[in-house]
Amino acid sequence: MEFIADYGLFLAKIVTVLVALGVAVALVAANSKGSPKEKGHLEITSLNEKFQHMEDAVNEAILVPQEKKSAVKQRKKRDKLAAKKSKKNDAVVDETTPDKRVFVLNFHGDLRASGVAALREEITAVLAQAKAEDEIVVQLESSGGMVHSYGLAASQLDRIKKMGIPLTVCVDKVAASGGYMMACVADQILAAPFAIIGSIGVVAQIPNVHRLLKRHDIDVEMMTAGKYKRTLTVMGENTDEARDKFREDLNDIHLLFKEYVSERRQKVDIEQVATGETWYGTRAQQVGLIDDVKTSDEYLTTLAKDCKVFKIHYVQKKSLPEKLGIAAEETSDRLISRWISRLLKPHHYS
């Protein structure tokens, strides 16, 4: 009885917390209605300044006190002069040799490629300013996901190519399946030595509980108009004809995927790489899936020596209910993506 009382008290506390949380969410949602707010905004960071500040910090830390004092004085003088020039806009620009600008975007893909919402805004903003002598760099990380979602994400990168702006995709960890569909659009693909590349294939898995339902005398009725409106189902009885049609659809999607990659990576032997396999960075270069083995940090710091490098990030404002829902969805997506990554390459080293 004491256990039951304690357990009941515990449940009462949980219910109280959930009710309080629900009321708070409802109040916030109610207050947010009726007043139009900014949906999102762009955040632009100069990577040149970031790298310079990092260099200054290390330099000043390792100097002896007298040298450090002089270095700090020179840095402040330099920063003051740069700010003055920027404010007055009196910097001398040579029109014959314009400064190359590099715009850096970041795409971290989940199963639904939800990052495309921000990516499309970032690309729209950059294309309004970018010129043919500039460059767009996309730091991409994705294990793939839904076909239509990643098809849209890849189409956003295609917009850059259609405008004639050089596009580079950097892969530090993984660009597999739909992630590689995006990457192959680029003029050049750079990947870290052990980044996972490829997985040009299609997979679908559907549980079926028809026999379990039948065992318990449960009928499931589904009515459709159109012979192939539904093929394989979760609760109904699947037929060989439905399975054949489902496989046919998968093969057609795979064919479209292969054609998409072939058009953009013409030197690749598509039959060799479109087996659903993945390759690590160095091996991926050997089969033509990437152009060079290099991390995004190495590439961007090199560009920053001669170019103006800007990181572009679109921040979308969300209500509290949206934040709570998205947090739960991202947690589940992250767990599923983690298992997909493990299945892609079962060999791990510690």
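The values are calculated or read from the model by the stated rules, or taken from the named source; none is laboratory data. Only a predicted model underlies this, so the values are computations on that prediction, with no experimental measurement involved. Every residue, glycine among them, receives a Cβ derived from its backbone with ideal geometry; neighbour counts consider all protein chains shown.
Going by what's in this entry, would Ala175 be described as assigned by TED's automatic domain parsing to the domain that holds Leu303, small (Gly, Ala, Ser) and surrounded by fewer than 24 Cβ atoms within 10 Å (Cβ to Cβ)? Criteria not met by Ala175. For the criterion of being surrounded by fewer than 17 Cβ atoms within 10 Å (Cβ to Cβ) and at positive phi, Asp240 fails. Looking at Arg334, Arg283, just one residue is assigned by TED's automatic domain parsing to the domain that holds Ser142, surrounded by fewer than 18 Cβ atoms within 10 Å (Cβ to Cβ) and modelled with pLDDT of 95 or more, and that residue is Arg283. Residue count for segment 120-140, restricted to those that are crowded, with 16+ Cβ neighbours inside 10 Å and part of a loop (DSSP other than H, G, I, E, B): 2. Restricting to segment 141-167, name every residue that is over 14 Å from Val116 (Cα atoms) and either surrounded by 22 or more Cβ atoms within 10 Å (Cβ to Cβ) or touching a Cys at 6+ places or on another chain (Cβ under 9 Å) (or both). Result: Ser143, Ile160. Out of Ile218, Ile189, Ile200, Ile196, one residue alone is aliphatic (A, V, I, L, M), within 15 Å of the chain's Cα centre (by Cα) and either closer than 22 Å to Gln272 by Cα or not assigned by TED's automatic domain parsing to the domain that holds Lys294 (or both). It is Ile196. Annotation for segment 271-284: at least one member residue is in contact with a Phe, Trp or Tyr (Cβ under 8 Å, 6 or more places away or on another chain) and among the small types (Gly, Ala, Ser).
Between Leu289, Leu250, Leu255, the distinction of being modelled with pLDDT of 95 or more, more than 24 Å from Val138 (Cα to Cα), of a type in the set (A, V, I, L, M, F, W, C) and surrounded by 11 or more Cβ atoms within 10 Å (Cβ to Cβ) belongs to Leu255 only. Of the strands (runs of 3 or more DSSP E) lying entirely inside segment 170-289, not one contains at least 1 residues that are among the aromatic types (Phe, Trp, Tyr), free of Cβ contacts under 8 Å to residues at least 40 places away in the same chain and over 24 Å from Thr302 (Cβ atoms). The listed residues are Gln205, Gln188, Gln156, Gln129, and the only one of them that is over 22 Å from Asp269 (Cα atoms) and at pLDDT 95 or above turns out to be Gln156.
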